[in-house]
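Asks: There's a structure below that I have some questions on.
No lab work stands behind these numbers, since they all come straight from the coordinates. Computed from a prediction, not measured in an experiment: that's the story for all the values here. Positions of Cβ are generated from backbone atoms using ideal geometry, with glycine treated the same way; all protein chains shown enter the neighbour counts.
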Ligand code: 7TS
């Protein structure tokens, strides 16, 4: 059991009010709030040992370098990676996925090759593959999604062929919450000689992820979705793959030697970290990892499952509410997408905001999935370790308030026609 009351004391932002109401932050799939340990680490770095890393011989540079590289080790341990050499820091999960598509794809794909994706991908794990397919002549194929939000695994079996060079998929859908059986998918892919890239932006913050246990070749995630600062992403890749890949970006730090017409590359992982990295935010990310490890991913997962069960149960009791994603709790994370018949999700979001409840409404950067679901957008509540059952109740009450607000005939408004209210 989490001591949520105590945890909440670590998050200064949770004390604020929005429109005169206590903030209820349920937009954790977009980004999470930061504990004071992370905020303090940023202030401490800039107040005490700000310096560029890897190049200075002075004390500050050594301290900053040690702190930065310590977080690489901590990240490797968090993901159960065999070595910090397999951890590359990027700007975000998006950049990590682009790095794979570009640095691996450019030299390993050719016409006739296929990249197998799914219909539930975030644009970050779709558009980079579209770009590299266009550049190399490789083609894209897709595993479909069932009505209740699962991957069609029989379709996977059919589409996995000897032409498949890479299977790239999300571990947890940011819309449906579906947790995909990536271990099983990786085993089958490897039997066909294909590599596997996992978009773990939504899973690593909420589940204990073991890259070796999953058997993936690449994995990407973002610090800001797991209590860390914005501006830091993580790429895990098997060392042999990183060794064989050409660099992604060129510049300082990533070289061994440079001549006028050519250059040789630094060792991994630095070969993939051109230029001055996001030193402060990486160091503060280390505090986020410590925090999550101290609380424990198993306890966080259990807490989120309870909140998700409560949200699904209570929302399904509200007339006209449509819920998306698997009904089986073990198969989903703490993301609950829904619609209310006759209301636009943006209108729901706007009324909820007036009640202090922050959710996201829109296509969630998964437009092909929206088309598959037959909707333009959904409302989405997403939970984390600091959320409470009381907040879930407030969410449901606010959805009921939104329904009542838009159903009530008001002068100057056509009955039943959704209209934007408030400011956004
Ligand atoms: N992959 C998944 C599954 C995601 O949910 C997101 C962000 C990304 C990749 C990209 O992460 P970034 O840190 O590089 O931007 N998802 C969301 C979301 O659902 N709402 O806002 C951002």
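Asks: Based on the Cβ-Cβ distance of residue 243 and residue 57, what FRET efficiency does E = 1/(1 + (r/R0)^6) give at R0 = 22 Å, to the nearest 0.05?
Replies: Numbers: r = 29 Å, r/R0 = 1.30.
Efficiency at R0 = 22 Å is approximately 0.15.
Asks: At residue 73 and residue 319, where each label point lies 7 Å from the Cα along Cα→Cβ, what is the point-to-point distance in nanometres?
Replies: Placing both labels 7 Å along Cα→Cβ, they lie 6.2 nm apart.
Asks: Just to be sure I understand the model, the point goes 7 Å from the Cα along the line to the Cβ. What's the resulting residue 393 to residue 3 distance in nm?
Replies: According to this spin-label approximation, the distance is 2.4 nm.
Asks: Go ahead and run the numbers for FRET between residue 367 and residue 146, Cβ-Cβ distance against an R0 of 30 Å, rounding to 0.05.
Replies: On the way: r = 19 Å, r/R0 = 0.63.
That gives a FRET efficiency of 0.95.
Asks: Mind checking Rg over Rh on region 112-268, alpha carbons, Kirkwood formula for Rh? Present the calculation step by step, with values, prior to reporting the outcome.
Replies: Details: Rg = 16.9 Å, Rh = 16.9 Å.
Result for region 112-268 is an Rg/Rh of 1.00.
Asks: Answer rounded, prolate or oblate for the chain, using the Cα gyration tensor with square roots of eigenvalues a ≥ b ≥ c: rounded when a/c is under 1.5, else prolate when a/b is larger than b/c, else oblate.
Replies: Values: a/c = 2.02, a/b = 1.34, b/c = 1.51.
The shape class here is oblate.
Asks: If a/c stays under 1.5 just call it rounded; otherwise compare a/b with b/c (prolate if a/b is bigger, oblate if not). Do that for region 1-125, with a ≥ b ≥ c from the square roots of the Cα gyration tensor eigenvalues. Show your work: numbers first, answer last.
Replies: Working: a/c = 2.40, a/b = 1.21, b/c = 1.98.
The shape class here is oblate.
Asks: Turning to a different aspect of this structure: Provide the FRET efficiency to the nearest 0.05 for the residue 191-residue 106 pair, computing r from the beta carbons and using R0 = 25 Å. Numbers along the way, then the final one.
Replies: Working: r = 26 Å, r/R0 = 1.03.
Once the sixth-power term is evaluated, E becomes 0.45.
Asks: I've got another one for you. By the gyration tensor of its Cα atoms, with a ≥ b ≥ c the square roots of the eigenvalues, what is the shape of region 282-378: rounded for a/c under 1.5, prolate for a/b over b/c, or oblate? Don't skip to the end; give the middle numbers.
Replies: Details: a/c = 1.88, a/b = 1.63, b/c = 1.15.
Prolate, since a/c reaches 1.5 and a/b exceeds b/c.
Asks: Oh, and also: Using only Cα atoms, find the angle between the long axis of helix 182-191 and the longest principal axis of the chain, and express it within 0 to 90 degrees, rounded to the nearest 10.
Replies: So the helix axis and the longest Cα principal axis differ by about 40 degrees.
Asks: Next question. With Rg and the Kirkwood Rh both taken from Cα atoms, where does Rg over Rh land for region 186-341?
Replies: In region 186-341, Rg relative to Rh is 1.09.
Asks: Something else about it: Taking the chain as a Gaussian network, where each spring joins two C-alpha atoms under 10 Å apart, which residue of 321, 399, 232 fluctuates the most?
Replies: 321
Asks: Where does helix 127-136 land angle-wise versus the long Cα axis of the chain, in degrees 0 to 90, nearest 10?
Replies: Helix 127-136 sits roughly 40 degrees off the main axis of the chain.
Asks: Let me ask another. Pairs of Cα atoms under 8 Å, at least six residues apart: use those to get the relative contact order of region 297-387, whole percent. Don't skip to the answer; put the middle values down first.
Replies: On the way: 110 pairs, mean separation 26.7, N = 91.
It rounds to 29 percent for region 297-387.
Asks: Using the basic label-point model (7 angstrom from Cα toward the beta carbon), what is the residue 16 to residue 267 distance in nanometres?
Replies: If labels sit at residue 16 and residue 267, their model points lie 4.4 nm apart.
Asks: While we're on this one: What is the angle, in °, between the Cα long axis of helix 59-78 and the longest principal axis of the Cα atoms in the chain? Nearest 10 is fine, range 0 to 90.
Replies: The answer is roughly 60 degrees.
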